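To keep things clear, I will list the structure first and then write my remarks on it.
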Amino acid sequence: MRIAVLTSGGDAPGMNAAVRAVARTAFFQGWEVMAVSAGYRGLLEGRIQPMSRRHLGGIIHRGGTVLGTERSAEFATPEGQRKAAGKLEEAEIDGLIVIGGNGSLTGALKLAELGVNVVGIPASIDNDVWGTDTAIGVDTALNTALEAIDRIKDTASSHHRAHVVEVMGRDCGYLALMSAIAGGAEAAVIPEFEPRPEALLLFMKMAYEQGKSHFIVVVAEGAPLSAEELHEYFNNEGTYDSRLTVVGHIQRGGSPTASDRILASRFGEAAVEALADSEAGIMVGLRGENIERVPLKEVVGKNRPLDPGLYKMAEVLAELPE
Ligand code: F6P
């Protein structure tokens, strides 16, 4: 048996731990492992090389992906997908493991429909992949966003300021909401809920009158009210002077947390086991304590829903008035 592994889409801390787990589990089975460089683009270019144990040492703690990653426009087309399937056939690949987020898993489904034995591993800091409680990179990115908020809180309190902090997440408010809860922010503005700038302004005025030393709002990059708009609104109408911080790609890098390394190791092992059981066209996902096999058909085209109870809880804990 010869398998190939690729990482695709936005990188996520823990991808390397997943590559390592895939390769080592496959070696344990006595299989050959091929590394595809630069995601689907590399696959289209035939950049498929044998992977040896030498490639796997000293990568578990490294952020990014040693395989490289890209977002390929050509692969998004049916011709591109057929060409990619052809490259796998030429290289005599019996199974492909795709590590990535929604776009990458959509690509995996397309290949599965062309007869490729594909298993997906969810990896995206956004935590928007349907069919899994969490994905590789979420925990690390969340802790990075939290660290930014903690640091901002120090300076905000010293200067008696409002701070608007933009965090990543594409169309999903998970990172913003969770970092706001964990960071004790005054509010989170996320795509899943209608923004209420007037209510926030009122809350800000109350906080000011009560002598609160800071006012911190975390805004998801995909929110209908942008961080920049809110910051300007606060500066024009608010009681505190406001500052704007975009955490940005800092959230994508860095050494993965223990939790992400362990999750990635479990997903990597489970993906190879699925291929060993001749199961393909699936993604491995975390449900509670267990790793489950979820059909890619069910995963693709949906986004993991956010628990509305957590949004309500964030408002209660921040003492946002009704
Ligand atoms: O999907 C991960 C993510 O970091 C999103 O949170 C963000 O919207 C996007 O990727 C940024 O993409 P790029 O790295 O291509 O700018």
Between VAL246 and MET206, what length comes free when the chain is fully extended (0.36 nm per residue of separation minus the Cα-Cα distance, one decimal in nm)?
11.8 nm
Cβ-based net charge around ARG24, under 15 Å, with every Lys or Arg adding one and every Asp or Glu removing one:
+2
Total formal charge among the other residues, if their Cβ is under 12 angstrom from that of ALA274, Lys/Arg +1 and Asp/Glu -1
-4
When the accessible area of the chain is split by element with a 1.4 Å probe, what percent falls to carbon and sulfur?
48 percent
Putting +1 on Lys and Arg Cβ atoms and -1 on Asp and Glu Cβ atoms, find which of VAL217, ILE291, THR7 reaches farthest to the positive end of the dipole of the chain.
THR7
Excluding ALA227 itself, what net charge comes from residues whose Cβ is under 9 Å from its Cβ, given Lys and Arg +1 and Asp and Glu -1?
-4
On a 0 to 90° scale, report how tilted helix 174-183 is relative to the longest principal axis of the chain, with both axes built from alpha carbons and the result rounded to the nearest 10.
50 degrees
Leaving out ligands and nucleic acids, note down the accessible area per residue over region 6-137 with a 1.4 angstrom probe, in whole Å².
38 Å²
Helix 227-237 axis, angle to the chain major axis (alpha carbon atoms, nearest 10°)
0 degrees
Mean Cβ-within-10 Å packing, highest first, puts peptides 40-47, 96-103 in the order 96-103, 40-47
For region 139-252, just the Cα set please: Rg and Dmax, both in angstrom.
12.7, 38
Highest-first arrangement of 139-150, 236-247, where packing means the average Cβ count within 10 Å:
139-150, 236-247
Length gained if GLU32 through GLU45 is fully extended, taking 0.36 nm per residue and subtracting the Cα-Cα distance, is 2.6 nm
SER52 paired with GLU228, simple spin-label distance in nm, labels 7 Å along Cα-to-beta-carbon
5.0 nm
Just the accessible area per residue of region 139-252, please: how many Å² with a 1.4 Å probe?
44 Å²
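The values are calculated or read from the model by the stated rules, or taken from the named source; none is laboratory data. Values in this document were obtained by computation on a predicted structure and should not be read as measured data. With ideal geometry, Cβ positions are generated from the backbone for all residues, glycine too; neighbour counts draw on all protein chains shown. These area figures cover heavy atoms from the full protein model, side chains too; ligands, DNA and RNA do not enter into them. Shrake-Rupley method; radii C 1.70, N 1.55, O 1.52, S 1.80 Å.
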